[in-house]
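The values are calculated or read from the model by the stated rules, or taken from the named source; none is laboratory data. Worth saying up front: this structure is predicted, and the values here are computed from it rather than measured. In this analysis, Cβ positions are derived from the backbone assuming ideal geometry, glycine residues included, and neighbour counts consider all displayed protein chains.
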Amino acid sequence: MSATAAEPETAPPYRPPTHVAVIMDGNGRWAAARRLPRVAGHRAGARAVRRTIEAAIRQGVRWLTLYAFSSENWRRPAGEVVDLTGLLRQYLKSEIDELQANGVRLRIIGDRTRFDPDIQRDLVAAERLTAANRRLNLIVALSYGSRAEIVAAARAAAEAARDGRLDLATLDEAMFEGFLSTAGVPDPDVIIRTSGEQRLSNFLMWQAAYAEFIFLDVLWPDFDATHFAAALAEFARRERRFGARPG
Ligand code: FPP
């Protein structure tokens with residue numbers, strides 16, 4: 001990340017969305033097209049992560065959520081899982097100072113207990129180090145699945161009721177949200193998916209209730225600031241009514 005990444009440069013000609021979420025897809029196809037091993041695609045994908053964080057800061061986006069590893073990704077061949085977790089380990093070490101210098105607060109959602117203990121420790125350390133940063137809230141979904149998140153929230157609500165901390169009769173959507181891993185996080189305004197696939201793939205299903213979806217025909221490792229800006233411009237063109245009638 002360049003030292004100037006955090007400087008507000010030319011203001012975009014539209015109001016940026018508060019929260020952008022991204023399903024980063026197409027690393028494997030990018031590598032295959034170049035006759036490279038899949039891990040080369042993931043490495044290039046990690047470079048695109050860095051570019052996207054820079055772009056989000058420049059565009060004035062306050063929340064950025066990246067789907068880096070789904071709960072289903074554990075079912076990939078063992079070698080690829082090792083490559084992906086190794087890349088995460090490396091990324092945490094190589095990028096944390098830049099995140100800190102650029103005022104990025106890192107948070108993780110998902111089942112982090114499935115990662116090796118050293119990765120779990122680095123995740124906690126990175127979250128603690130960056131906890132006071134306010135320029136960009138970066139949420140990385142790791143071993144994340146939306147159904148599991150909703151079930152965990154239901155379980156937590158039931159336990160709270162059992163322990164007398166919650167009157168189930170009063171449980172409403174706002175209270176339920178407080179049991180999700182994204183408690184206190186504004187819902188994503190826009191969800192971008194790269195690689196031409198048009199699915200949510202168990203990502204932020206509760207939180208995406210009113211999100212705009214933007215599907216791009218670009219493979220994730222090729223994603224750059226231009227694609228990010230174009231997606232934000234497309235978002236700005238869409239009229240959002242949250243189910244209400246046009247005024
Ligand atoms: C989808 O491509 C991408 C992933 C499963 C992993 C995303 C990981 C990164 C972008 C790099 C690492 C990120 C961090 C934060 C260290 P795919 O493999 O499903 O591609 P394909 O559909 O073309 O096979």
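Looking across the range 179-195, just one residue is free of Cβ contacts under 8 Å to residues at least 40 places away in the same chain and at positive phi, and that is Gly184.
For first residues located in the range 206-234 and in a loop (DSSP other than H, G, I, E, B), partners that are aromatic (Phe, Trp, Tyr) and lie 6+ apart or on another chain with Cβ distances below 7 Å form the pairs Tyr210/Phe242; Leu219/Trp30. In the condition set (1) more than 10 Å from the ligand (Cβ to nearest atom); (2) part of a helix (DSSP H, G or I); (3) not charged (D, E, K, R), Ala48 is compliant with all but (1).
When you scan the range 75-82, do you find a residue that is touching a helix residue (DSSP H, G or I) at 6+ places or on another chain (Cβ under 8 Å), in a helix (DSSP H, G or I), within 24 Å of Asn202 (Cα to Cα) and touching a residue at least 40 places away in the same chain (Cβ under 8 Å), even just one?
Kept after step one, since they are touching a helix residue (DSSP H, G or I) at 6+ places or on another chain (Cβ under 8 Å), are these residues of the range 75-82: 76, 80-81.
Imposing the further condition that a residue be in a helix (DSSP H, G or I) reduces the set to 80-81.
Okay, now just the ones that are also within 24 Å of Asn202 (Cα to Cα), so 80-81.
Retained after the next criterion (residues that are touching a residue at least 40 places away in the same chain (Cβ under 8 Å)): 80.
Yes, there is a match, as at least one residue in the range 75-82 is touching a helix residue (DSSP H, G or I) at 6+ places or on another chain (Cβ under 8 Å), in a helix (DSSP H, G or I), within 24 Å of Asn202 (Cα to Cα) and touching a residue at least 40 places away in the same chain (Cβ under 8 Å).
Just to verify a result, which residue in the range 201-239, among those that are out of contact with any Pro (no Cβ under 7 Å at 6 or more places or on another chain) and of a type in the set (Phe, Trp, Tyr), is nearest to the ligand (Cβ to nearest atom)? Per the stated criteria, the residue is Trp220.
Is it true that Ala68 is out of contact with any strand residue (DSSP E or B) (no Cβ under 9 Å at 6 or more places or on another chain), crowded, with 17+ Cβ neighbours inside 10 Å and in contact (Cβ under 8 Å) with a residue 40 or more places away in the chain? Here the answer is no, as Ala68 does not meet what is asked.
Got at least one residue in the range 48-62 being within 17 Å of Phe203 (Cβ to Cβ), at pLDDT 95 or above and touching a strand residue (DSSP E or B) at 6+ places or on another chain (Cβ under 9 Å)? Walk me through how you get there before you give the answer.
Keep residues of the range 48-62 that are within 17 Å of Phe203 (Cβ to Cβ), which gives 49, 52.
Narrowing the set further to residues that are at pLDDT 95 or above leaves 49, 52.
The next check asks that each one be touching a strand residue (DSSP E or B) at 6+ places or on another chain (Cβ under 9 Å); those that pass are 49, 52.
Among the residues of the range 48-62, at least one is within 17 Å of Phe203 (Cβ to Cβ), at pLDDT 95 or above and touching a strand residue (DSSP E or B) at 6+ places or on another chain (Cβ under 9 Å), which makes the answer yes.
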